[in-house]
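Each remark here refers to the structure printed beneath this line.
Nothing in this text is a laboratory measurement; each read-out follows from the coordinates by a stated rule. Here the structure is a predicted model, which means the values were calculated and not measured. Neighbour counts run over all protein chains shown; Cβ positions are idealised from the backbone, glycine included.
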């Protein structure tokens, strides 16, 4: 398995990196960017935000663009210009 060389103290003090272990294999350390703050939507996802009442009541899964997806996701795709091809 490939590895990386990094200063652990620097990584632990960095606000742009999150360090955790996977429950499936506790011997592996996972490095990732932290998620965006709760209640805040990143700029690149704002166009896909679900407005209150939009797509409500959609449950289950359906085939959309050849993929099995949650019905809510298909609804959002249709409403935001990502319709079926």
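Could you please let me know if residue 26 is at negative phi and either surrounded by 10 or more Cβ atoms within 10 Å (Cβ to Cβ) or assigned to a strand (DSSP E or B) (or both)?
Details: at negative phi: yes; either surrounded by 10 or more Cβ atoms within 10 Å (Cβ to Cβ) or assigned to a strand (DSSP E or B) (or both): yes.
Against the criterion (at negative phi and either surrounded by 10 or more Cβ atoms within 10 Å (Cβ to Cβ) or assigned to a strand (DSSP E or B) (or both)), residue 26 qualifies.
In the stretch 35-79, how many residues are farther than 29 Å from residue 18 by Cβ and part of a loop (DSSP other than H, G, I, E, B)?
Residues in the stretch 35-79 being farther than 29 Å from residue 18 by Cβ and part of a loop (DSSP other than H, G, I, E, B): 12 in total.
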